[in-house]
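The values are calculated or read from the model by the stated rules, or taken from the named source; none is laboratory data. What you see is a predicted model; the values in this text were computed from it and never measured. Cβ: placed from backbone, ideal geometry, glycine included. Neighbour counts: every protein chain shown.
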């Protein structure tokens, strides 16, 4: 009888241990399964983040390539315009005329002696010839704004002068005279803007005769409308 009770107790103990072991194994399995799922979610999130980062990088590279292409196109447009003007005005370089590209624009700088007698607002024959050649080179550039800036030195206008009151007047009248000549030579009037800067935008700051001579000038500024030009290039 004692042996039977002992055997039953032993069997119950073994069964209990087995059940307990089963519970522990099940709990551990669930913990491992939860950990696995969490890792898979983290991996999926990281994968999505990586894919988004790669997409952003591709988008940035595409925009950078487009930007670089636009810069190259703008430089080409400016260089072609500069070369066209250079070729047209090559015969006037020895008289101090210069052509340069600055800040996305072509600057044609003509000294006073090329265009005007001292204190005059009437363009001389030599200046008329130069402006005629310039007009022929730029009149087809319909998407380019042309700003005519008159500049003077800092010497005050003689009080006896009845044509203009001061250097503001002188610079504006000269710019307007050049504007009319360009229009008469075929440049569309809507392309041209005359402006007078007086003595207030000098290229030389000293008051020597040479500095003042440098400051007496006309700047013809050619400003292409790149947005319109590039749009035309893309549609053709």
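Looking only at segment 153-180, how many residues end up being buried (at least 18 other Cβ atoms within 10 Å of the Cβ), out of contact with any strand residue (DSSP E or B) (no Cβ under 6 Å at 6 or more places or on another chain) and closer than 30 Å to residue 74 by Cα?
Qualifying residue count, segment 153-180: 0.
For segment 183-202, does any single residue satisfy the condition of being assigned to a loop (DSSP other than H, G, I, E, B), surrounded by 14 or more Cβ atoms within 10 Å (Cβ to Cβ) and on the phi > 0 side of the Ramachandran plot? Write out each step before concluding.
As a first pass, look at segment 183-202 and keep what is assigned to a loop (DSSP other than H, G, I, E, B): 185-188, 197-202.
Next, only the ones that are surrounded by 14 or more Cβ atoms within 10 Å (Cβ to Cβ) stay: 185, 187, 197-199, 202.
After this cut, where a residue has to be on the phi > 0 side of the Ramachandran plot as well, the list is 198.
Yes, segment 183-202 contains at least one residue that is assigned to a loop (DSSP other than H, G, I, E, B), surrounded by 14 or more Cβ atoms within 10 Å (Cβ to Cβ) and on the phi > 0 side of the Ramachandran plot.
Which condition does residue 225 not pass, out of (1) surrounded by fewer than 16 Cβ atoms within 10 Å (Cβ to Cβ); (2) over 22 Å from residue 86 (Cβ atoms); (3) out of contact with any helix residue (DSSP H, G or I) (no Cβ under 9 Å at 6 or more places or on another chain), if it passes all the others?
With respect to (1) surrounded by fewer than 16 Cβ atoms within 10 Å (Cβ to Cβ); (2) over 22 Å from residue 86 (Cβ atoms); (3) out of contact with any helix residue (DSSP H, G or I) (no Cβ under 9 Å at 6 or more places or on another chain), residue 225 is out only on (2).
Residues in segment 140-152 that are in contact with a helix residue (DSSP H, G or I) (Cβ under 8 Å, 6 or more places away or on another chain), surrounded by fewer than 18 Cβ atoms within 10 Å (Cβ to Cβ) and more than 15 Å from residue 175 (Cβ to Cβ): how many?
Restricting attention to segment 140-152, the residues satisfying the condition of being in contact with a helix residue (DSSP H, G or I) (Cβ under 8 Å, 6 or more places away or on another chain) are 141-146, 148-152.
Filter again for surrounded by fewer than 18 Cβ atoms within 10 Å (Cβ to Cβ), leaving 142-143, 145.
Narrowing the set further to residues that are more than 15 Å from residue 175 (Cβ to Cβ) leaves 142-143.
Within segment 140-152, residues that are in contact with a helix residue (DSSP H, G or I) (Cβ under 8 Å, 6 or more places away or on another chain), surrounded by fewer than 18 Cβ atoms within 10 Å (Cβ to Cβ) and more than 15 Å from residue 175 (Cβ to Cβ) number 2.
Within segment 76-87, take every residue that is touching a residue at least 24 places away in the same chain (Cβ under 8 Å) and under 14 Å from residue 220 (Cα atoms) and give me the one that is surrounded by the fewest Cβ atoms within 10 Å (Cβ to Cβ).
As a first pass, look at segment 76-87 and keep what is touching a residue at least 24 places away in the same chain (Cβ under 8 Å): 77-78, 81-82, 84-85, 87.
Still in the list and also under 14 Å from residue 220 (Cα atoms): 81-82, 85.
Details: 81: 20, 82: 17, 85: 22.
Taking the candidates together, the pick is 82.
Looking at segment 26-42, can you tell me whether even one residue there is at pLDDT 85 or above, within 30 Å of residue 138 (Cα to Cα) and assigned to a helix (DSSP H, G or I)?
There is no residue in segment 26-42 that is at pLDDT 85 or above, within 30 Å of residue 138 (Cα to Cα) and assigned to a helix (DSSP H, G or I).
Check off (1) closer than 17 Å to residue 124 by Cβ; (2) under 31 Å from the mean Cα position of the chain (by Cα) for residue 185 and give me the number that stays unchecked.
With respect to (1) closer than 17 Å to residue 124 by Cβ; (2) under 31 Å from the mean Cα position of the chain (by Cα), residue 185 is out only on (2).
What about residue 122, is it modelled with pLDDT of 95 or more, outside any helix (DSSP H, G or I) and loosely packed, with under 14 Cβ neighbours inside 10 Å? Break it down into steps so the answer makes sense when it comes.
On the way: modelled with pLDDT of 95 or more: yes; outside any helix (DSSP H, G or I): yes; loosely packed, with under 14 Cβ neighbours inside 10 Å: yes.
So residue 122 passes the test.
Can you report the number of residues in segment 142-182 which are assigned to a loop (DSSP other than H, G, I, E, B), under 15 Å from residue 118 (Cα atoms) and touching a residue at least 40 places away in the same chain (Cβ under 8 Å)?
7
Can you find a residue in segment 73-96 that is over 30 Å from the mean Cα position of the chain (by Cα), modelled with pLDDT under 95 and not in a strand (DSSP E or B)?
No - not one qualifying residue is present in segment 73-96.
Consider only pairs whose beta carbons are under 9 Å apart and that are at least six residues apart or on different chains; among these, list those whose first residue lies in segment 98-114 and is on the phi > 0 side of the Ramachandran plot and assigned to a strand (DSSP E or B) and whose second residue is surrounded by fewer than 18 Cβ atoms within 10 Å (Cβ to Cβ) and modelled with pLDDT of 95 or more.
If the second residue must be surrounded by fewer than 18 Cβ atoms within 10 Å (Cβ to Cβ) and modelled with pLDDT of 95 or more, no pairs are left.
If I ask for residues that are farther than 25 Å from residue 135 by Cα, part of a loop (DSSP other than H, G, I, E, B) and modelled with pLDDT of 95 or more, which ones from segment 206-227 would you list? Talk me through it step by step, then tell me what you get.
First, the residues of segment 206-227 that are farther than 25 Å from residue 135 by Cα: 206-213.
Those left that are additionally part of a loop (DSSP other than H, G, I, E, B): 206-208.
Within segment 206-227, just 208 meets the criteria.
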